[in-house]
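The values are calculated or read from the model by the stated rules, or taken from the named source; none is laboratory data. Since the structure is predicted, the reported quantities are computational estimates derived from the model, not experimental observations. Every residue, glycine as well, gets a Cβ built from its backbone with ideal geometry; the counts of neighbours run over all protein chains shown. Keep in mind that these areas ignore ligands, DNA and RNA; they rest on the heavy atoms of the full protein, side chains included. Shrake-Rupley method; radii C 1.70, N 1.55, O 1.52, S 1.80 Å.
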Amino acid sequence: MKSTMQEFKEFIMKGNIIDMAVGVIMGGAFGKIVTSLVDNILMPLIGVLSGGVNVEELMIKVGNAEVLYGVFLQNVIDFLIIAVCMFVFVKAMAKLKFGGKKEEPAPEPEPEISDEVRLLGEIKELLAEQNKAKEQK
């Protein structure tokens, strides 16, 4: 029986865990790049195009509460820009990986025939042979 430490060691050393860790680290670094692109390049340009309106400052006063819907809108805009960047990045990586070739779908495997169906097929063939023999007599 394996000890908990042995099981943990095997779990940690699995290749997919290492790959996932690298992916998380790379994702974090890529997230910083995209955040910088959004905050320092795209949002100032969008601000110029929108006449200098800062979306984050939009709010409504309800009684004593301030509803900061502008921050929510800014987060939605950030999300959409990040989603577009990720889409373009993934498409570019796929093109580099596959050389621009589309991956051909794998052929569908032949359906597995059950023993019952196979037996019924054999019975059908035997009956057909018997009928032929009777017709020839």
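Treating only the Cβ of Lys, Arg, Asp and Glu as charged (+1, +1, -1, -1), what charge dipole size does the chain show about its Cα centre? Round to the nearest 20 debye.
Using Cβ point charges on Lys, Arg, Asp and Glu, the chain gives about 340 debye.
So, for segment 5-119, what is the accessible surface per residue at a probe of 1.4 Å, expressed in square angstrom?
87 Å²
Report relative contact order for segment 49-137 in percent, whole number only (criteria: Cα-Cα under 8 Å, sequence separation at least 6).
Here the relative contact order equals 13 percent.
Would you mind telling me the share, in percent, of accessible area of the chain contributed by carbon and sulfur at probe 1.4 angstrom?
Accessible surface attributable to carbon and sulfur in the chain totals 66 percent.
Please give the direction-averaged projected area of the C-alpha convex hull for the chain, in square nanometres with one decimal.
24.1 nm²
Between residue 76 and residue 24, how high is the FRET efficiency from 1/(1 + (r/R0)^6) when r is the Cβ-Cβ distance and R₀ = 25 Å? Nearest 0.05.
The value I calculate is 0.55.
Using helices alone, I'd like the mean residue ellipticity at 222 nm for the chain: each DSSP H run of four-plus residues gives -39500 (n - 2.57), total over residue count, nearest 500.
-22500 deg cm²/dmol
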